[in-house]
Amino acid sequence: MSFPPSAPPLPDVRRALAVFAHPDDVDFGCAGTVARWVDEGVEVAYLIVTRGDSGGFDETPREQMPARREAEQRAAAAAVGVRRVDFLDGHHDGTLTASLELRRQITAAIRRFRPDRVLTSSPLRRWEHLAGPSHPDHLAVGEATTCAVYPDSRNRFAFPELLDAGLAPWVVREIWYAGGPGPDHVVDVTDQLDRRIAAMRAHHSQTAHLDVPTWVRDRLTTMADNAGLPAGRLAEAFTVLRTE
């Protein structure tokens, strides 16, 4: 199973909401693209489902990790120009499912922020990459976000308690998937390289063991080369689907 070919991105996007499972997910895969959207005048917000309590590579006590990773994500967002970062409560790293409660919470966030575009992780597994993109939390958030985009956020009869809270239905017009099979929409992020690196470095608990500049350049050079961009360019790749 794979995605269909990407649709051309909408030219008039004003707001975009990125929904991911863990602090650092958006920065490992998409920070350059987010920085470019901000440069283009798009207002971007983040919704992070967990505080990454199972992550980290050092001896930080487990009870301190959620607060540390939340602070890291806020610093990473600031590095690419994102000012709004919201976290959901009640979900733990490594245990996510595409539950009705998670769908309800994401639907509420969509109705609250009213984005034209949603960026999230792929709900489709990549069998050649069982690590990283195919983490079960990533798949679960991709599925729950897809359900929140359609039908939940636009259906006034879904989660009627949201209407009582003043959150009217909203139609997301476009969804971007990161980390999925066969991504075919490429974003040139060469000019955003420094901010991409800064965002990843902000996640010190996750990246202190990495040579971040080399890791980023190698990864983004490969994507650009695979897409046929000129030598020396850097890129991130996605699948883009219309949802109207």
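The values are calculated or read from the model by the stated rules, or taken from the named source; none is laboratory data. Source: prediction; values computed, not measured. Cβ coordinates were reconstructed from backbone atoms using ideal geometry, including for glycine residues, and neighbour counts include every protein chain displayed. All accessible areas refer to the heavy atoms of the entire protein, side chains included, with ligands and DNA or RNA removed. Shrake-Rupley method; radii C 1.70, N 1.55, O 1.52, S 1.80 Å.
Every residue, every condition in (1) in a strand (DSSP E or B); (2) of a type outside the set (Phe, Trp, Tyr); (3) touching a residue at least 40 places away in the same chain (Cβ under 8 Å), yes or no:
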site	(1), (2), (3)
112	no, yes, yes
119	yes, yes, yes
124	no, yes, yes
142	no, yes, no
146	no, yes, no
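When 166, 180 are checked against the criterion of being part of a loop (DSSP other than H, G, I, E, B), at positive phi and not aromatic (Phe, Trp, Tyr), 166 stands alone in meeting it. Which residue is nearest to residue 29 (Cα to Cα), if the candidates are limited to segment 201-244 and must be of a type in the set (Asp, Glu) and surrounded by fewer than 18 Cβ atoms within 10 Å (Cβ to Cβ)? Result: 218. Put simply, of 53, 27, 86 the only residue that is closer than 27 Å to residue 123 by Cβ, assigned to a loop (DSSP other than H, G, I, E, B), of a type in the set (D, E, K, R) and in contact (Cβ under 8 Å) with a residue 40 or more places away in the chain is 53.
Consider segment 139-172 and keep the residues that are of a type in the set (Asp, Glu) and open to solvent by 60 Å² or more (accessible area, probe 1.4 Å). The one that is farthest from residue 93 (Cα to Cα) is 164.
Annotation for segment 150-170: no member residue is touching a residue at least 12 places away in the same chain (Cβ under 8 Å) and under 17 Å from the mean Cα position of the chain (by Cα).
Consider segment 178-200 and keep the residues that are touching a strand residue (DSSP E or B) at 6+ places or on another chain (Cβ under 7 Å) and aliphatic (A, V, I, L, M). The one that is most open to solvent (accessible area, probe 1.4 Å) is 186. Under the condition of being of a type in the set (A, V, I, L, M, F, W, C) and surrounded by 19 or more Cβ atoms within 10 Å (Cβ to Cβ), the residues counted in segment 71-86 number 6.
Here is a yes/no grid of residues against (1) closer than 27 Å to residue 12 by Cβ; (2) modelled with pLDDT under 95; (3) touching a strand residue (DSSP E or B) at 6+ places or on another chain (Cβ under 8 Å):
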site	(1), (2), (3)
60	no, yes, no
67	no, yes, no
71	no, no, no
78	yes, no, no
86	yes, no, yes
101	no, no, no
110	yes, no, yes
117	yes, no, yes
160	no, no, no
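Filtering segment 206-225 to residues that are modelled with pLDDT under 95 and either assigned to a helix (DSSP H, G or I) or of a type in the set (Gly, Ala, Ser) (or both) leaves 206, 207, 208. Consider residue 65 carefully, then state whether it is open to solvent by 10 Å² or more (accessible area, probe 1.4 Å) and more than 14 Å from residue 86 (Cα to Cα). So residue 65 fails the test.
From the list 126, 104, 111, 117, the lone residue that is closer than 24 Å to residue 37 by Cβ and out of contact with any helix residue (DSSP H, G or I) (no Cβ under 7 Å at 6 or more places or on another chain) is 117.
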